Amino acid sequence: MNEVEVTLHWIYVAIMVLSGISFYVLGKDPKGIPYYKYTIHMFIVFWSALGYSALALNQGTIVVFDQVVHYARYLDWVVTTPLLLLSLCLTAKLTTRNEGWLIGTMIGAQVIMIVTGLVAELSATPAYQYFWYIIGCIALVIVLYVMWKPLLAISQTQGVGIEKVYKASAVYLTVQWILYPVVWLFGQPGLKLFDSFTTTVLFLILPVVSKAGFGFFNLIKLRNLDPKYKPQPKPPHPSKPEYKHTGLAKG
């Protein structure tokens, strides 16, 4: 990478680190939203910062068939995109634990999408390359189906407030995840209609918007929900009753 690209990667890392700190600060006053939601988004941006630090240090790449493959991107995506899906699922299921199999289905399909993208970029011939690309696109269709059918239905059972937040969050991620394979196809990994610098810039902008941007978008909308839509505090476990301080001095 040239100096400009290295600088852009360090700017990306800084944005991710600052976003993670911001999620931590927001979590100090969670506004009725489970703290694990904040933790998920902290881990997403910090992991992404590590992956792109490798690229900024001119690591995380390999030359295959005279093409530079940025495998550090895939190491980032294979962890962070399933976590983004987990956050979306937990938005749809904010006050219920039902239909846990949907999370596994979406995360499994998302991992297939990322891994097939890497295999496609490592392929020697266009025929193999686009075979794996198509498999990845099929996996994306499965993700979108689950997102817009069963998960949407679950969000609708919990009131209009959660449904609205879920729909807005699902639209946000749907747009982002359609753009990723489009940039891949027209950029350097695919048809090479974009030059290397343009591809790099696009693969910096997209993760900022889809990771840090989605974290703020989703958490702020949940924080602003009417309290009646938020999870209610759980009562103490029957075997572990709460002991109230009696105010009696020890003898």
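Summary of values
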read-out	value
Check on residue 63, in contact with a strand residue (DSSP E or B) (Cβ under 8 Å, 6 or more places away or on another chain) and β-branched (Val, Ile, Thr)	yes
Residue 69 surrounded by fewer than 22 Cβ atoms within 10 Å (Cβ to Cβ) and over 30 Å from residue 155 (Cβ atoms)	yes
Members of region 186-208 found to be without any contact (Cβ under 8 Å) to a residue 60 or more places away in the chain, part of a helix (DSSP H, G or I) and either crowded, with 16+ Cβ neighbours inside 10 Å or among the charged types (D, E, K, R) (or both), listed by number	186, 199, 202, 206
Scan of region 147-171 for residues that are surrounded by fewer than 19 Cβ atoms within 10 Å (Cβ to Cβ) and either in a helix (DSSP H, G or I) or touching a Cys at 6+ places or on another chain (Cβ under 7 Å) (or both), ordered by number	148, 150, 152, 153, 156, 160, 163, 164, 167, 168, 171
Considering residues of region 91-130 that are within 30 Å of residue 63 (Cβ to Cβ) and surrounded by fewer than 13 Cβ atoms within 10 Å (Cβ to Cβ) only, the residue modelled with the lowest pLDDT	124
Qualifying positions in region 3-26 - in contact with a helix residue (DSSP H, G or I) (Cβ under 7 Å, 6 or more places away or on another chain) and under 14 Å from residue 219 (Cβ atoms)	19, 20, 23, 24, 26
Qualifying residue in region 10-30 (condition: in contact with a His (Cβ under 6 Å, 6 or more places away or on another chain) and either buried (at least 20 other Cβ atoms within 10 Å of the Cβ) or part of a loop (DSSP other than H, G, I, E, B) (or both))	yes
Lone unmet requirement of (1) in a loop (DSSP other than H, G, I, E, B); (2) open to solvent by 40 Å² or more (accessible area, probe 1.4 Å) for residue 33	(2)
Qualifying positions in region 211-228 - in a helix (DSSP H, G or I), in contact with a helix residue (DSSP H, G or I) (Cβ under 7 Å, 6 or more places away or on another chain) and open to solvent by 10 Å² or more (accessible area, probe 1.4 Å)	217, 221
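The values are calculated or read from the model by the stated rules, or taken from the named source; none is laboratory data. None of these values were measured; they are calculated from a predicted model. Cβ sites come from the backbone with ideal geometry, for glycine too, and all protein chains shown count toward neighbours. The area values use the complete protein model at the heavy-atom level, side chains included, leaving out ligands, DNA and RNA. Shrake-Rupley method; radii C 1.70, N 1.55, O 1.52, S 1.80 Å.
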